[in-house]
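The values are calculated or read from the model by the stated rules, or taken from the named source; none is laboratory data. What you see is a predicted model, and the numbers here were worked out from it, not measured in a lab. Here the Cβ positions follow ideal geometry from the backbone for every residue, glycine too, while neighbour counts run over all protein chains shown.
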Amino acid sequence: MPEIKVTPLGAGQDVGRSCILVSIGGKNIMLDCGMHMGYNDDRRFPDFSYITQNGRLTDFLDCLIISHFHLDHCGALPYMSEMVGYDGPIYMTHPTKAICPILLEDFRKITVDKKGETNFFTSQMIKDCMKKVIPLNLHQTVQVDDELEIKAYYAGHVLGAAMVHIKVGSESVVYTGDYNMTPDRHLGAAWIDKCRPDILISESTYATTIRDSKRCRERDFLKKVHESIERGGKVLIPVFALGRAQELCILLETFWERMNLKAPIYFSTGLTEKANHYYKLFITWTNQKIRKTFVQRNMFEFKHIKAFDRSYADNPGPMVVFATPGMLHAGQSLQIFKKWAGNEKNMVIMPGYCVQGTIGHKILNGQRKLEMEGRATLDVKLQVEYMSFSAHADAKGIMQLIRMAEPRNMVLVHGEAVKMEFLKGKIEQEFSIDCYMPANGETVTVTTNPSVPVDISLNLLKREMALGGPLPDPKKPRTMHGTLIMKENSLKLVSSEQALKELGLNEHQLRFTCRVQLQDPHSDPDTLHRIYTHLKSVLKGYTIQHLPDGTVMVESIVIKVSSSAEDPNTKVLLLSWSYQDEDLGSFLSTLLKKGLPSGLC
Amino acid sequence: MAATTEDDNLDDILDEWFIESLKTYKDLHVYQLEHPTQVIEWTSGKTVCVGGYSSSRNEMLELHLPLKLFADENKGLCAERDFKVLHGGFTDGPVRCLVHVPGTRFVVTNDGLSSDLQLWDLGGDDSDVIRRTGIVEGGRKRMMKSFSEGGSRIAARPSLQPQILHGAQSCDIQLTDLNSGRTLYRPGRAAEVRDSPRFVLTETDSTDLLSSLQFVSDAVFLAGCCNGNVYLADTRTSAAPQLSPPPLSSGESVLWWTDASTAPDPSCCRVIRLSSSGAAVVSDLRKPGGRAVRQAQLDVEGHHFSPDHVKVSWAPALDGCVSVSGLSRAVQIYDVSLWGAELQEVQPLFEHRGHVISSQQSDSGVSVRITSHVWHPERPRTLLSAASDGSVHVWDWIDQSAAAGPEPGSQ
């Protein structure tokens, strides 16, 4: 039976980096190429030696697909493509293609400039790698080659995140990347049709959680901001340009309006330009509400939110500022942070994960004294708040996705095995499908049951119908005979005569004869009659005839009786059958060799 | 921003409530389970067990409360707001009653169809599956249609010996030892353990349906009946239990629920009884006959209720406060010390209306009902509440009456 193999090189039972190999229908596909943010050495890259011990990966992979721009899914891309070596196609959605290089460059800068690492990819490598990218549109089938096709589906989670459907022949796999099933303020929920893939590979990081509602997280955010403003403090919110910033702005705007607050809210201009630019490009990727707002007015024409100027940071009194970059590692957000860190009335709200080496990472780990350039130390007296807004699918979400796609098998990655036995049991019971949880480097092999389409000739069908019996029923398969012709890429089932005709062959008939000796003290016709009675009692359900020309026919097999010249009691039975009745013929000869039972009349 | 659709309207109402909640709650977490629960039981200071109550197969889950709730010092640095599913298992029937056996990893459940109990092992670190390990037979064998006719109430003995008290009616209460499976006490029959005193509930075996069983100390327990009777029994003596009849003349159709505050000395423990018509009566168990010490008429909104889902509970760490749910659409908290000796209408100290407000978002016309609530055993104002739409809220409310004055300057 054909099989599909899934091997996580990273993810598997390990949260940190995603990189999954799929072998399907003779094709090898790599899904995501993430960096493990917790390690400083080679362990942060996926282990490509599984594919090949030395040399480039181009010959071993048919394509690489990146689900979204988070570093634990694309962080190792330049390393894999330029340092290990891969020249094949790299697929990702348009927004991912636009945003990936920015994040990779930021990441590179931090790692090389801030942490002083040397064996890392360069800016040029990032550019070279992105040249190999072929962008995908949603719900558009892309032929990677003659046999392999892929299609992207909306995943929610972040701008441009996609779930991907991979098909080779009649076998298919769906990989979810990171996704979420509940809509955001600015992103919709993941969606896929009832594509019934052989395997659904889903992330399960949050499979064992039940997520707190979006509104409660927002409430927390508003509460913190409000508390700071009330006591005259300043709030800094470092953001990356897209998505989250928009959402938080809308939230604050609504809140300010309702509570009639007067404190100014600022948005740094660099952010505005970039965000506007991206939104114009990717408006189809956001949800209905944002689209409506964007169409009705410019994204950033908020009543209470104004463009920021550097000098405002020194203004007295409360204020809220959104600034880039998101991890406080450089630029405007860091400048503002340095000015405001010393006052305990102030606050910094970190809306997401920060890479090691950044100030953001340090303060989120509780560090209260920071070393700045020129040996100066910065005392961190302001309040540090860590909030997580990024949306992942929880247990309920995974069940919903399975209901949507109806896969035949389930593979869970990105979770901890011991903590997923219950979910595995739940999936197996509710959907009656197998659920696998491979570890890094462990291969899951799933046998598939592909359906092979065959055209059947009308004549053959008619003939079968003429034989009578019950009507065709998918639950009760019926055996039929025909000849299978494979021409070009199609399969046809036709009657033997038609096959011979099409192939221009003559039909040959094969006939077998066999002589059986028998002792029977009767006349020839009587012996024949005894044989007839005997066969009739043994072979029930077969057509047995005693013909006036002195033969017995069993189906198409002819039996004749004659006596031996020397001894009239020694009978010689002549059995003759055609090749089609070979089985019955052999059976009869063996049966008759045993002789006739004595009780016959 | 003009609201153009009904969805927008509902969103606005919900937003309104959330913004208001900034002043009225210290912490608020809102979760959606796949299936609703009518039990919430603490299995440790940070974990609870819940279970579904549909008529066939259900899930039972052990959940860890969000880390952020407990991160008192470095709360800002903790972003973890989610419930963690630590363990999960499947039951064959509804989970109508669930009790944790203290000092162990076992819970005992009853499905409301018979008085037999199921025993479960929640599991440790090596597996996340909850497994059924046994059955404890109850007094009644017949399958009953609804809880009030056949389901058992359960209470776990607070001491370290794993023993549970269970029964569906006042005449079939028994105390079973989980290790041996032996019944230690049974009303009206010779005890199976030779040295143990015989336990007789009443002289005539009364068949009052139970609405609660509760240990008020290691040896003394309270059996609250649906008709308003409350029995206080001491498992160490063979004396007849003390009976307190319902405080008010209540009609045939009036149901009662009971809770006792677990004070160190059982003789001064206070009992609150709540009737389905909203009368709440506090009595002192030292006074036989249980005359009301304080009482109040609560507003129950003429609301249709399900007897399984009504709960009244003393706050374990907040003196004089009780909470009520199931008779109206909110969880209400009252300060009993403000109640008088006469039956008068009172205002709640706090109302948690989160379930009814957020349920307006759902499509179905069926109104949501609160199915259960519990107080945190130590944190004075933290509660968990669950509703029929599968929602579970964790909330820490602010006492507005105390907040009216200036904040105390230092601890």
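Computed values, structure above
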quantity	calculated
In the stretch A:367-412, residue farthest from the other protein chains (Cβ to nearest Cβ) [restricted to those that are of a type in the set (V, I, T) and in a helix (DSSP H, G or I)]	A:I402
Top-ranked residue of the stretch A:416-444 - restricted to ones that are touching a residue at least 24 places away in the same chain (Cβ under 8 Å) and small (G, A, S), ranked as nearest to the other protein chains (Cβ to nearest Cβ)	A:A417
Matching residues in the stretch B:78-136 - criterion: being within 13 Å of another protein chain (Cβ to nearest Cβ), surrounded by fewer than 20 Cβ atoms within 10 Å (Cβ to Cβ) and of a type in the set (S, T, Y)	B:S127
Filtered residue count, the stretch B:34-77, keeping only those that are surrounded by 22 or more Cβ atoms within 10 Å (Cβ to Cβ), more than 28 Å from A:G366 (Cα to Cα) and at the interface with another protein chain (Cβ under 9 Å from one of its Cβ atoms)	2
Positions within the stretch A:319-337 being within 16 Å of A:K381 (Cβ to Cβ) and either modelled with pLDDT of 90 or more or among the charged types (D, E, K, R) (or both), in sequence order	A:I336, A:F337
Subset of the stretch B:98-120 [under 16 Å from B:F215 (Cβ atoms) and assigned to a loop (DSSP other than H, G, I, E, B)]	B:V101, B:P102, B:G103, B:T104
Only listed residue being of a type outside the set (K, R), within 11 Å of chain B (Cβ to nearest Cβ), over 25 Å from A:Q332 (Cβ atoms) and touching a His at 6+ places or on another chain (Cβ under 8 Å), chosen from A:D220, A:D212	A:D212
Candidates A:L248, A:L271, A:L236 - the one that is surrounded by 23 or more Cβ atoms within 10 Å (Cβ to Cβ), under 30 Å from A:G342 (Cβ atoms) and at pLDDT below 70	A:L271
Hits in the stretch B:317-346 (condition: closer than 16 Å to B:S212 by Cβ and touching an Asp or Glu at 6+ places or on another chain (Cβ under 8 Å))	B:V322, B:L327
Residues located in the stretch A:1-34, provided they are in contact with a His (Cβ under 9 Å, 6 or more places away or on another chain), in a loop (DSSP other than H, G, I, E, B) and at pLDDT 75 or above	A:R17, A:S18, A:D32, A:C33, A:G34
Criterion: modelled with pLDDT under 90, under 21 Å from A:V355 (Cβ atoms), surrounded by fewer than 20 Cβ atoms within 10 Å (Cβ to Cβ) and not basic (K, R) - qualifying residue of A:I110, A:I102	A:I102
Residue within the stretch A:76-85 that is assigned to a loop (DSSP other than H, G, I, E, B) and either in contact with a Pro (Cβ under 8 Å, 6 or more places away or on another chain) or crowded, with 24+ Cβ neighbours inside 10 Å (or both) present	yes
Given (1) within 14 Å of another protein chain (Cβ to nearest Cβ); (2) at pLDDT below 85, number of the condition A:L364 does not satisfy	(2)
Strands (runs of 3 or more DSSP E) wholly inside the stretch A:459-572 that include at least 1 residues being in contact with a Ser or Thr (Cβ under 8 Å, 6 or more places away or on another chain) and either in contact (Cβ under 8 Å) with a residue 60 or more places away in the chain or over 21 Å from A:L584 (Cβ atoms) (or both)	A:483-487, A:490-494, A:511-519, A:557-563
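Quick grid of which residues meet (1) in contact with a Phe, Trp or Tyr (Cβ under 6 Å, 6 or more places away or on another chain); (2) crowded, with 20+ Cβ neighbours inside 10 Å; (3) at pLDDT below 95:
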residue	(1), (2), (3)
A:G317	no, no, yes
A:K339	no, no, yes
A:G342	no, no, yes
A:M350	yes, yes, yes
A:K369	no, no, yes
A:G374	no, no, yes
A:V380	no, yes, yes
A:I398	no, yes, yes
